[in-house]
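Derivation of every value follows stated rules applied to the coordinates shown; laboratory data play no part. As the structure is a prediction and not an experimental result, all values here were calculated from the model. No Cβ is skipped: glycine too gets one built from the backbone with ideal geometry, and neighbour counts run over all protein chains shown.
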Amino acid sequence: MTTPEKRLTQFLRNWGVETHGIDPIPKDKRTDTRSYQLFLMWFSATTNLSAVVVGAGGPVVFNLSFVASTAVILIVNALWIMIPGYFAIFGPKVGTRCMVYARFSWGPYGVAIPSFLNVIAMMVYLFFNTIIGGQLLAHVSHKLTIDIGIVIIALISLAVSFSGYRVLHWFGAIAWIPSLIGICIMLGVGGKHLTTASESYPAPSASAILSFAATLAGSGVAWCNMTPDYGVYHSPNASSTRIFLYTYLGILLPTLGTEIFGAAFAAAVPSIPSWAAGYDNGNDIGGLTAAVLEPVGGFGKFLLVLMALGMSSQTTPVMYSCGISLMCVSKIFARVPRYIYAIIATGVAIPLAIVGRTRFYNVIVACIDIVGYWSAAFAGVVLTEHLVFRRRDFANYEVEHWDNARKLPSGFAAVLSLFAAMGFVVPCMAQTFYVGPIAKGTGDIGLWIGLFTASAVYCVLRPLEARWFRDRTDSIQEDLSDK
């Protein structure tokens, strides 16, 4: 690091900006005992209109009634959000970000694949949330366009994400408030119309239910790529059960509430012309929100601003983890400070959101599902390594060797497991651009197949990997190679 770089780093550190890279956090710095922060962090990240859009997909995209949509929302989220809840334990216990922790199964080079895929996933969610924020602001005043709104939300997110870990936790403790106020008032104002929701929906088909479930599961499981990142400064002595419950409930409770809320309003849209006009066939959640709040006049405009600002509760951690993941792709990328990547992510997200806003709903449903496919396979590999081969014992991770290729798995088993999983996912996926031969009869079951295939293949290949790469000196490698 040159002298000017050192001066800049010290200057930013003095102002509270996080300058730590992707190195594991040493135990003497993992002293935060406030595990409840994890609940607030994830409660904030999921209390906004993004989950409302996902829940609305039941009636809008898959033609499911409110009752059928609600049943699917409850069951699918309760199951799939367990995965990010469990992943959260890795942060405090090991002191590493998710994609650094993944090196203990994916190896120092193989981990570049999920790291890069996660960068793409984070950009998808930035795209998604900045568009929603822009739509909300565009309905406040004719002088504000969606494009200007997108820029405003992206810049607010940049300011928080640039600052880093501690500011993110502080911001997460309060950022949920505007969105929750707006959602509650929307329910109070528009709730009387929900009873007029059309019951003309057909009997739900298994295909529609499973395809909607895939979108919900993809949205839920993708949090596993982030949850360890926000506990790395917390005490390793914290109860694993408590970490899991704080994260699980922090994601689950607002996700259930907002997705059911979205399904209820979307199901009522066909019965209320002003809502239908504002919603624009599912492409303008801001227009629907403005139409619902129209009876309260100027106060409704104020609420639109609050809810738009509330979208940054999700974009800020997404932008942060995007930078961390990019640093894990390559040692070359790791040399660039994380806060620089926050600026780059903002510069990329703004034009993408402006260009992609015209085909919002179809694009976002497909993107969420695709993120879910690989995230499920990634989770299957990491969980199998921890539960089966590391025997759920964090003492079996030699964290000090996180960057020593000779002390890590080769990544051969993990990468082949991902490819095998994707090979089985393709015929089981159902998207607007492609429906696999199996999915034509069943609906989208790609996530389930991806998770179980990756786990099963990894169980077979991991011991073989250890035998074939005996030069690796990781203790788990040695145990497996002797069997």
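Structure summary
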| quantity | calculated |
| --- | --- |
| The range 59-65 - phi-based ³J(HN,Hα) in whole Hz, Karplus 6.51/-1.76/1.60, Gly and Pro as x | x, 6, 9, 9, 6, 9, 5 |
| Tally of Lys pairs whose C-alpha atoms are under 21 Å apart, taken over the chain, 8 or more apart or cross-chain | 9 |
| Spread of Cα-to-Cα distances over 5 Å intervals beginning at zero, given as percent, for the range 63-211 | 2, 7, 8, 12, 16, 17, 15, 11, 7, 4, 1, 0 |
| Cβ-derived FRET efficiency at R0 51 Å, residue 335 paired with residue 435, nearest 0.05 | 0.70 |
| Residue 393/residue 8 FRET efficiency (R0 35 Å; Cβ-Cβ; nearest 0.05) | 0.25 |
| Order of 70, 33, 19 - criterion: other Cβ atoms within 10 Å of each residue's Cβ, fewest first | 33, 19, 70 |
| Cα-based equivalent ellipsoid, the chain: semi-axes from gyration tensor eigenvalues, Å | 37, 27, 18 |
| Nearest-20 debye value, the range 27-481 charge dipole, Cβ charges on Lys, Arg, Asp, Glu | 800 |
| Estimated inter-spin distance, residue 352 and residue 79, nm [label 7 Å along Cα→Cβ] | 3.0 |
| HN-Hα J in Hz across the range 101-115 - Karplus 6.51, -1.76, 1.60, θ = phi - 60°, x for Gly and Pro | 4, 5, 4, 6, 10, 8, x, x, 10, x, 5, 4, 5, x, 5 |
| Average Cα contact separation per residue, the chain, under 8 Å, 6 or more apart, as relative contact order % | 28 |
| Over the chain: helical MRE at 222 nm, DSSP H runs n ≥ 4 each giving -39500 (n - 2.57), nearest 500 | -22000 deg cm²/dmol |
| Of every Cα-Cα pair in the range 1-130, the percent that sits beyond 18 Å | 73 |
| Full-stretch length increase - residue 166, residue 192 - with 0.36 nm per residue and alpha-carbon distance subtracted | 5.2 nm |
| Loop-resident sites, the range 12-117, for trypsin sites (Lys or Arg not before Pro), counting at most 14 other Cβ within 10 Å (DSSP) | 34 |
| Ranked list, fewest to most other Cβ atoms within 10 Å of each Cβ, for 444, 23, 28 | 28, 23, 444 |
| Distance in nm between pseudo-label sites at residue 36 and residue 343 (7 Å out along the Cβ direction from Cα) | 3.8 |
